[in-house]
Amino acid sequence: MLGLGMLGLVRAPAVAQDAQDRNPSSPAGAADRAAKPGNIVGTILDQTGSVAAGAVVRLTTDDKSFSREVASGDNGQFNFSSVPPGPFKLSVNAAGFRSQGFTGELASGQTLLVPPIVIAIATVVTDVKVVVDPVEVATEEVHEELHQRVLGFIPNFYVSYHPNAAPLTTKLKFKLAWRSTTDPVTLGGTAFLAGLQQAGDEYPEYGQGMEGYGKRLGAGYGDVLASTFLSGAIFPTVLKQDPRYYFQGSGSSKSRILHAISNSFRCKGDNGRWQVNYSNLLGSFGGAAASSYLYPTTNRGTFTLSNGFIRMGESSLAGIVQEFVVPKLSKQARRARQQAIEQAQSVSISRSSDSVAKRP
């Protein structure tokens, strides 16, 4: 009897375990149920309701322990099998369509049919950039400058009323120099100055009469050619500098005077930055040196230095005239100045609008 009793005690736990396995409400039964994988099935459609074949569907569980990727078939359907139960996320990507997502939760052993996932056509953003050829802009600006005249007849070519004028090409620099030296007013002014020198018997070595006048005229025009081409074309081309005066037109009188005076030793480079005006420095003294061979002189060094400094001073004086006098005597200057002011105001308003738009 004792042996049978002990046998019954030994077998009891096994019977209890079998009963527990057969009882679905027991903890072990629940754990067994939760471990059963399931299936997820769905269809991908486009905005028109047509099936979308070839869409890439990625399934990822919340705990990142399961991830799989399939492509929708010709009927737009996709199928994931052996998916562990629990929360999951679907992401759909297709060429030409915006990404779409779906989240859900799969029960143990469930075959889940998700609602049709509709993907929308991606918005196409076209970024249109209007690129203006700087050479064309510079050509147009020079065309305007060649029509600038004081009192309607005195050439005023070497001034820009555009604060951000396009850089001049080599061709345009030489064009400005050529048009300036061959302008009828320039030729007439040189001839008139030669006449004054003749009347005052300046440089008596030339003598009088037509021969003396011709020598004075030739020396004077050679001086104009040398100084204009050296300062306005040759050195600006080699050093990549802009020979024009940039009209300021606004600000205090002091700032405008300083800007005008600095014209002789400060200029804009072809890169748009202000820099030392080596072109004018070399052109002024180089032109004076060339002139020393045109005029009778016993000391070329003194002639070159004195005339070089005189030309530097003339350049600063020309800046004062451009800044304060010319706009009152030239319709083109007033019109160009007004256009430049309106352009500057437009840029300022645009920048202010951008600043306001960017505020949080």
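Net charge around GLN241, counting only other residues with Cβ within less than 14 Å of its Cβ (Lys, Arg = +1; Asp, Glu = -1)?
Around GLN241, the surrounding residues sum to +4.
What pairs from LYS215/LYS240; LYS129/LYS171; LYS215/LYS331; LYS215/LYS328; LYS171/LYS268; LYS254/LYS328 go past 26 Å between their alpha carbons?
In this structure, LYS215/LYS240; LYS129/LYS171; LYS215/LYS331; LYS215/LYS328 lie more than 26 Å apart at Cα.
What ranking of LEU113, LEU305, LEU193 emerges when the number of other C-beta atoms within 10 Å of each C-beta is taken as an exposure proxy, fewest first?
Ascending Cβ contact count within 10 Å gives the list LEU113, LEU305, LEU193.
Hey, can you grab everything whose amide H is under 5 Å from the amide H of PHE97? Only 5+ residues off in sequence or another chain; H modelled, so Pro and N-termini drop out.
ALA122
Measure off 7 Å from each Cα along the Cα-to-Cβ vector at HIS143 and ILE310, then give the distance between these two points in nanometres to one decimal.
4.0
Among THR170, THR181, VAL159, which residue has its Cα positioned farthest towards the positive end of the charge dipole of region 134-349, with +1 placed on the Cβ of Lys and Arg, -1 on the Cβ of Asp and Glu, and the dipole taken about the Cα centre?
Most positive-ward Cα: VAL159.
Working out 0.36 nm times the residue gap between THR169 and ALA199, then minus their Cα-Cα distance, what length gain in nm do you get to one decimal?
Going from the current span to full extension adds 6.6 nm.
Give the cross-link partners of LYS64 among the lysines, using a straight C-alpha distance below 26 Å as the criterion and excluding same-chain residues fewer than 8 apart.
Within reach: LYS36, LYS89.
Expected output is a single nm value to one decimal: the length gained when fully extending between LEU113 and ASN299, i.e. 0.36 nm times separation in residues minus the C-alpha distance. What is it?
56.4 nm
Which whole-Hz ³J(HN,Hα) couplings does region 157-168 yield from phi under the Karplus relation 6.51 cos²θ - 1.76 cosθ + 1.60, θ = phi - 60°, glycine and proline marked x?
7, 8, 9, 10, 9, 9, x, 10, 5, 5, x, 7
Only loop residues by DSSP count here, and only those with at most 11 other Cβ atoms within 10 Å; note down the chymotrypsin sites (Phe, Trp or Tyr not before Pro) in region 45-141 that meet that.
When the chymotrypsin sites (Phe, Trp or Tyr not before Pro) of region 45-141 are filtered for loop state and at most 11 Cβ neighbours within 10 Å, nothing remains.
What are the principal axis extents of the Cα atoms in region 119-202, in Å, biggest first?
On the principal axes, region 119-202 reaches 95, 26, 17 Å in Cα extent.
Taking neighbour Cβ counts within 10 Å as the exposure measure, how do THR139, THR190 sort from fewest upward?
Fewest-to-most ranking of THR139, THR190: THR139, THR190.
To make sure I understand, if each residue's beta carbon is the centre and we count other beta carbons within 10 Å, what order do MET210, MET312 fall in, fewest to most?
Fewest-to-most Cβ neighbours within 10 Å comes out as MET210, MET312.
Want the number for SER91 to VAL325: 0.36 nm per residue separation, take away the alpha-carbon distance, what's left?
Result for the pair: 77.0 nm of gain on full extension.
Mind giving me the FRET efficiency for SER250 and VAL131? R0 is 30 Å, r the Cβ-Cβ distance, nearest 0.05 is fine.
So, using R0 = 30 Å, E works out to roughly 0.50.
From the gyration tensor of the Cα coordinates in region 37-126, what semi-axes in whole Å does the equivalent ellipsoid have, largest first, with each one equal to sqrt(5λ)?
Largest first, region 37-126 gives 24, 14, 10 Å.
How large is the dipole of region 180-264 about the Cα centre if only Lys and Arg carry +1 and Asp and Glu carry -1, each at its Cβ, rounded to the nearest 20 debye?
Here region 180-264 has a charge dipole of around 520 debye.
Among VAL150, LEU230, GLY308, which residue has its Cα positioned farthest towards the positive end of the charge dipole of region 134-349, with +1 placed on the Cβ of Lys and Arg, -1 on the Cβ of Asp and Glu, and the dipole taken about the Cα centre?
VAL150
Computed from the coordinates by the stated procedures, all read-outs in this text should not be read as laboratory data. Just so it is clear, the structure is predicted and the values come from calculations on it, not from any experiment. In this analysis, Cβ positions are derived from the backbone assuming ideal geometry, glycine residues included, and neighbour counts consider all displayed protein chains.
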